[in-house]
Amino acid sequence: MENEENKSNEMSFEESLKELEAIVRRLEMGDVPLDDAIDEFHKAMILVKTCDKKLSEAKESIAHLVKENGDIIDFNVDE
Amino acid sequence: MINEEYITVTRLNKYVQRQMSRDPNLKTVYLKGEISNYKVYPSGHHYFTIKDDKSSISAVMFYLFAKKLQFKPEDGMKVLVKGEVSIYPSTGKYQIIVRKMMEDGVGNLYVAYNQLKNRLEKEGYFKEEHKKPIPKFPKKIGVVTAQTGAAIHDIITTIERRWPLCEILLFPTLVQGQGSAENIARQIRYSQNFHLDTLIVGRGGGSIEDLWSFNEEIVAKAIFESKTPVISAVGHEVDFTIADFIADMRAPTPTAAAEMAVPDCSEISNQMDSLNIRLREVMNKKLDSYSQRLQDIKNRNMFKNPQEIYSQKEMDLDMSKERLNYSANRIIMEKESRFNRLKDSYYLRNPYDFADNKERIYTELSQRLKENMDDVIKSKERSLIRAKEFYTIRNPKALTKNKEQRFLEIFNKLELLNPMLTIKRGYTLTKKDGKVVSKSKDLEKGDRIEIEFSDGNVESEVL
């Protein structure tokens, strides 16, 4: 379970969403055996969780300014 | 005119008009000068004069062309125009029909712009095959624009609103004036080192001169060579900059560029919610159907009265055991009794009797065979002798003689019965109508009769 979570954390949001869509579609096809369906469901729930987390955690994107010498400093637009 | 023929003014003007329209040099004329007497008529056509310090020419810009003007012409303004020289037949005044007009000073830029655009297009820089797809869910977006101003502000706030999951790296640059094109190009190249998903290159709106650095070849090439997909975001709506043609995607404003660069969080959230709902629905449905199946199975008798399974089996077992016992015993008993019978059999008890018995039978048989053999031979011999001594065999002629004798006896007897012999002795035979008459009552008086004698017949009549 933790493995799955790590895996889905490592996946890009796009991959996660794609995987989630794929799982839902597969399950909706209806011919997935129950055990597999439960596994898929758990996987999907983890994907939902991590996607939700990613969405809700990043409340503010971080803007940085890259100096010509390569230094990266915080950049605040609210002036 | 050679014939000194006088023609009308109208004909003359028409003639000149025709002549002028045949001259390609007059068909497309590039002219520069100063506007004076500028008037817009209610029809939408613009009438004015273009002059320099020595000369002037009437000019008209028809509505369809005038509406494309990107500046508001005023008297005294220096302009560059492109048009066709023609004559207005009713006044005989010649004029220029303006198709395109721009402010002088900017004009050189347009020429440069068109030349560069045509060259780059010819060299294949704008081809669709070079366009890279813009990642849908970027993690890191670079922005090459001015550090201050509306552009970066709009981009950052838009991205934060729509997709706060991504980091923004600003590569500050001059966006207009001396050295800005080089600065932009350098920052685009520099940004390649930062593993960006998408790069936004642009600035807010401004005049054509303000935007000029985005029409420079050095910027065009930097965008073209960028490994990171580029969205151009030069704030203008009407025309394209060269950067727009080169970029993988073109946005009309920095805000629009930010919108293209990232998905909308709330849309994605909705999408996730609906996926989540679908997921739960399909799972619940699946679980329901399985638990229904499970319930059906549980409801079966086997689970409700499990003892039935083994009580049935127990009974079966009992039956089998009994049958086994029974048949085993029977087999044993049968074998036993057969064995006993055998054991008790006479011959087994008196083994020599059997042989003795057989020997006796044999002796008897052979004795009888010997005796009978002699009898049979003797009787057959006797029969043979008897047969040999049989009379007819010894006297075969006796047989014929015997038969002859017998024939003669029968013949003599038959001879005695012959009626002719009786007649010979004096008897006669009376016949009527060929038939023998043996009784007198068979005859009547007058019947003709025949009397047969031994030596002939006499015919007579009954009296």
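Below, the figures for the structure above:
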| read-out | value |
| --- | --- |
| Selection from segment B:1-45 of residues that are buried (at least 16 other Cβ atoms within 10 Å of the Cβ), more than 19 Å from B:GLY92 (Cα to Cα) and in contact with a Leu (Cβ under 8 Å, 6 or more places away or on another chain) | B:LEU31 |
| Of residues in segment B:443-463 being charged (D, E, K, R), open to solvent by less than 90 Å² (accessible area, probe 1.4 Å) and under 23 Å from B:MET420 (Cα atoms), the one modelled with the lowest pLDDT | B:GLU452 |
| Counted residues, segment B:115-133 - those being surrounded by 14 or more Cβ atoms within 10 Å (Cβ to Cβ) and in contact with a Pro (Cβ under 9 Å, 6 or more places away or on another chain) | 2 |
| Residues that are open to solvent by 30 Å² or more (accessible area, probe 1.4 Å) and closer than 24 Å to B:ASP23 by Cα, drawn from segment B:53-83 | B:SER55, B:SER56, B:SER58, B:PHE62, B:PHE65, B:LEU80, B:LYS82 |
| Spans of strands (runs of 3 or more DSSP E) in segment B:54-117 with at least 2 residues under 30 Å from B:LYS221 (Cα atoms) | B:93-103 |
| Qualifying residue in segment B:244-260 (condition: among the hydrophobic types (A, V, I, L, M, F, W, C) and under 20 Å from A:GLY70 (Cα atoms)) | no |
| Qualifying helices (runs of 4 or more DSSP H) (wholly inside segment B:233-298; at least 1 residues being open to solvent by less than 70 Å² (accessible area, probe 1.4 Å), facing chain A (nearest Cβ under 10 Å) and modelled with pLDDT of 85 or more) | B:265-298 |
| Criterion: in a helix (DSSP H, G or I), exposed (fewer than 10 other Cβ atoms within 10 Å of the Cβ) and among the aromatic types (Phe, Trp, Tyr) - qualifying residue of B:TYR347, B:TYR326, B:TYR362, B:TYR352 | B:TYR352 |
| In segment A:30-51, the residues that are open to solvent by 50 Å² or more (accessible area, probe 1.4 Å) and within 16 Å of the chain's Cα centre (by Cα) | A:HIS42, A:LYS43, A:LYS49 |
| Filter pass, B:LYS136 being closer than 17 Å to B:THR241 by Cα, open to solvent by 30 Å² or more (accessible area, probe 1.4 Å), among the basic types (Lys, Arg) and out of contact with any Phe, Trp or Tyr (no Cβ under 8 Å at 6 or more places or on another chain) | no |
| Pairs with Cβ under 7 Å, 6+ apart, first in segment A:22-36 and at the interface with chain B (Cβ under 9 Å from one of its Cβ atoms), second acidic (Asp, Glu) | A:ILE23/A:GLU40; A:LEU27/A:GLU40; A:VAL32/A:GLU40 |
| Answer residue from segment B:176-216, given it is acidic (Asp, Glu) and surrounded by fewer than 18 Cβ atoms within 10 Å (Cβ to Cβ) and is modelled with the lowest pLDDT among those | B:GLU209 |
| Hits in segment B:118-157 (condition: assigned by TED's automatic domain parsing to the domain that holds B:THR198, in a helix (DSSP H, G or I) and among the aliphatic types (A, V, I, L, M)) | B:ALA150, B:ALA151, B:ILE152, B:ILE155, B:ILE156 |
| Subset of segment B:382-441 (residues that are in a helix (DSSP H, G or I) and of a type in the set (Lys, Arg)) | B:ARG382, B:ARG386, B:LYS388, B:ARG394, B:LYS401, B:LYS403, B:ARG406, B:LYS413, B:LYS424, B:LYS441 |
| Candidates B:THR158, B:THR145, B:THR173, filtered to the one that is at pLDDT 90 or above, out of contact with any strand residue (DSSP E or B) (no Cβ under 8 Å at 6 or more places or on another chain), within 14 Å of chain A (Cβ to nearest Cβ) and open to solvent by less than 50 Å² (accessible area, probe 1.4 Å) | B:THR158 |
| Residue pairs meeting the criteria (Cβ under 9 Å; at least 6 apart or on separate chains; first more than 8 Å from chain B (Cβ to nearest Cβ), in segment A:61-72; second of a type in the set (A, V, I, L, M, F, W, C) and open to solvent by less than 30 Å² (accessible area, probe 1.4 Å)) | A:ASP71/A:LEU65 |
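The values are calculated or read from the model by the stated rules, or taken from the named source; none is laboratory data. Bear in mind the structure is a predicted one, so any value in this text is a computation, not a measurement. A quick note on method: Cβ atoms are made from the backbone with ideal geometry, for glycine too, and the neighbour counts reach across all protein chains shown. Just so you know, the surface numbers come from the protein's heavy atoms only, side chains and all, with ligands and any DNA or RNA stripped out. Shrake-Rupley method; radii C 1.70, N 1.55, O 1.52, S 1.80 Å.
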